[in-house]
Every structure is written in structure tokens, then in C-alpha cells.
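K.L.:
First, the structure itself, so that you have it in front of you.
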Amino acid sequence: MLARGGAMGLHLFRTRAGDLAAALPSIWTAMRTYGDAAAMGGKQWHWMVSQGHQINPCNSKLHPAVTEAGIQPEGGEEVAVQVAYTPKSHCFGCGPSHPDGLHLESKRIEQGLEARVSLSSKYCAFPGIVNGGILSTLLDCHGNWTAAIALMDRSCLPKPPLTLTASMLVSYKEPSPPDTELIVRSHVVAVRENQNPGLGKVAVEVDVAVLLPQADGSEKLLVQGTGIFKRLGALRAL
């Protein structure tokens with residue numbers, strides 16, 4: 001009886017699996033098509049366009065759709081990734097819709113992002129010195145976006161995935177002045193796949209810095225940070 005029951009269960013499983021495959025041909029076809037396209041270099045971006053996906057809404061010439069597939073931006077000035085992908089976000093550090101936020105606007109550079117910010121004196125901890133928590137907020141948001149954009153490019157996605165900060169180490173080198181243009185610049189250090197089940201998904205290590213432009217064209221390092229950002233799987237939807 002046990003052997004017979006096992007055989008019947010196996011038959012039922014095979015039947016249901018066959019029914020599922022028959023009922024969802026478009027999904028299997030799409031998965032095969034995407035896998036084939038993704039294996040052919042920049043052609044995956046052409047495939048994305050053919051499927052009706054909007055790509056490169058920030059109009060950057062450094063988007064892989066441009067650099068790998070030759071798909072030129074539709075036109076217009078380059079816009080920040082926050083404005084292009086999450087215009088309704090209320091994040092205090094980088095949300096375009098926050099009524100009184102920092103409004104960080106990050107744009108692509110090679111292997112990272114760069115932003116220009118000027119922080120109001122209302123964020124000073126002491127006269128002429130911006131609060132360290134405000135500066136670390138900039139590093140956190142900028143690093144998070146750097147990780148998300150790197151994963152989007154790596155996986156040929158229409159939008160960045162949702163990433164959260166796992167850890168952030170910040171070192172303050174010099175006092176940061178208010179009401180002065182500062183540069184926030186990041187670079188991807190490494191993308192790591194977790195091979196152990198149950199311990200989280202892919203993680204991205206990012207170096208981020210706040211720099212003060214000098215009159216001679218050099219830059220003074222004010223704040224330096226390294227963050228680990230983990231992907232949660234879903235696409236950003238704000």
C-alpha cells in the first residue's frame with residue numbers, strides 16, 4: 001500500500017506539474033527569452049525595449065543600455081536617479097517629495113554616483129559645522145542608491161531593486177561647512193552573492209565620501225564611509 005500510495009502521489013505531482021506548465025506557456029517562454037537575451041551582451045537591453053519596458057529614464061549616457069547596446073537617451077537633460085525612479089519618495093535624505101528634506105540628487109559616474117549638495121546652516125551642530133548625523137544620512141542614501149543602480153545594471157532590470165543598509169562605517173576627517181557646495185561621490189567596491197541559504201540575498205559594498213572643492217581644483221576629504229547594502233528582491237515602487 002505504501003509503495004502504491006507513493007506511486008500515486010508521484011503521478012499526481014507529475015500531472016499537476018504538467019498542467020501548470022501547460023497553463024503558463026507565456027511565463028516559460030518569457031523566462032527562456034530573457035535568459036537567451038541576457039546571455040548575449042548588450043542585446044538584453046534591446047529585448048527590454050521590445051517588451052515595452054522604459055529604460056534609462058534619467059537620460060544618462062553612462063547607462064549600460066547606452067554603453068553596451070548603443071541605445072541613446074530619448075533626449076533632454078540628465079536627471080537624478082531619485083527623480084527618475086522614485087519621484088514620490090518622502091525619504092528625508094533623498095526623497096524628491098519630502099517637503100523639508102535634504103533632496104539629494106545623485107547622477108551616474110563611472111562605477112558609481114555623484115551629487116552636489118549645499119546644506120543649510122539650520123543643520124549645524126555648532127556654528128559653521130554641519131551635524132554629523134546629517135552627513136551620515138547623505139552617505140547612507142547615496143550609498144544605497146549606488147548599490148541599487150549597480151544591481152539594476154547587473155541584472156538588466158527596468159528599475160532599481162529595493163536595497164537596505166546592512167552596515168555603515170563613517171569617519172569624519174574635517175568639519176563640514178554649511179551653505180557651501182559639497183560633493184558626494186561613491187564607487188562600487190564589490191558585489192557579493194550569498195551562497196548560504198537563509199542568510200540573505202546579494203550584497204553590495206560601496207565607498208562613499210563627502211568632498212569640499214578647493215580653489216586650485218583639488219578636493220578636500222571631509223567625510224568617508226563604507227557601507228554594505230543588501231537587496232530584498234522587490235523593485236522600488238515609490
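K.L.:
Looking at Gly133 and the list (1) part of a helix (DSSP H, G or I); (2) in contact (Cβ under 8 Å) with a residue 24 or more places away in the chain; (3) open to solvent by less than 40 Å² (accessible area, probe 1.4 Å), which single condition is not satisfied?
P.N.:
The single condition Gly133 does not satisfy is (2).
K.L.:
Scan Ala237, Ala215 and give me the residue that is modelled with pLDDT under 95 and open to solvent by 70 Å² or more (accessible area, probe 1.4 Å). Walk me through how you get there before you give the answer.
P.N.:
Values: Ala215 fails: modelled with pLDDT under 95.
Testing whether each residue is modelled with pLDDT under 95 and open to solvent by 70 Å² or more (accessible area, probe 1.4 Å) leaves just Ala237.
K.L.:
Within region 110-127, can you find the residues that are touching a strand residue (DSSP E or B) at 6+ places or on another chain (Cβ under 7 Å) and farther than 16 Å from Asp179 by Cα? Steps first, answer last, please.
P.N.:
Within region 110-127, the first condition is being touching a strand residue (DSSP E or B) at 6+ places or on another chain (Cβ under 7 Å), and the residues that meet it are 111-119, 123-124.
If the condition is that a residue be touching a strand residue (DSSP E or B) at 6+ places or on another chain (Cβ under 7 Å) and farther than 16 Å from Asp179 by Cα, then Gln111, Gly112, Leu113, Glu114 are the ones that fit.
K.L.:
Ok, one more. Among what's in region 97-130 and is of a type in the set (A, V, I, L, M, F, W, C) and in a loop (DSSP other than H, G, I, E, B), pick the residue that is nearest to the chain's Cα centre (by Cα). Give the derivation first.
P.N.:
Let us first name the residues in region 97-130 that are of a type in the set (A, V, I, L, M, F, W, C), namely 102, 104, 109, 113, 115, 117, 119, 124-126, 129-130.
Among the residues that remain, those that are also in a loop (DSSP other than H, G, I, E, B) are: 102, 104, 119.
Values: Leu102: 19, Leu104: 14, Leu119: 24 Å.
If we take residues in region 97-130 being of a type in the set (A, V, I, L, M, F, W, C) and in a loop (DSSP other than H, G, I, E, B), then Leu104 is nearest to the chain's Cα centre (by Cα).
K.L.:
Sticking with this one: Here is a list: Ser176, Ser171. Which entry is open to solvent by less than 20 Å² (accessible area, probe 1.4 Å) and among the polar types (S, T, N, Q)?
P.N.:
Values: Ser171 fails: open to solvent by less than 20 Å² (accessible area, probe 1.4 Å).
Answer to the selection: Ser176.
K.L.:
Would you check if Gly70 is at positive phi, in contact (Cβ under 8 Å) with a residue 12 or more places away in the chain and either over 16 Å from the mean Cα position of the chain (by Cα) or open to solvent by less than 80 Å² (accessible area, probe 1.4 Å) (or both)? Give the steps one after another, and end with the answer.
P.N.:
Numbers: at positive phi: yes; in contact (Cβ under 8 Å) with a residue 12 or more places away in the chain: yes; either over 16 Å from the mean Cα position of the chain (by Cα) or open to solvent by less than 80 Å² (accessible area, probe 1.4 Å) (or both): yes.
Yes: the conditions hold for Gly70.
K.L.:
Could we say that Asp179 is among the charged types (D, E, K, R) and on the phi > 0 side of the Ramachandran plot here?
P.N.:
yes
The values are calculated or read from the model by the stated rules, or taken from the named source; none is laboratory data. Quick caveat, the model's predicted, so the values are computed rather than measured. In this analysis, Cβ positions are derived from the backbone assuming ideal geometry, glycine residues included, and neighbour counts consider all displayed protein chains. Quick note on the areas: whole protein, heavy atoms, side chains included, nothing else; ligands and nucleic acids left out. Shrake-Rupley method; radii C 1.70, N 1.55, O 1.52, S 1.80 Å.
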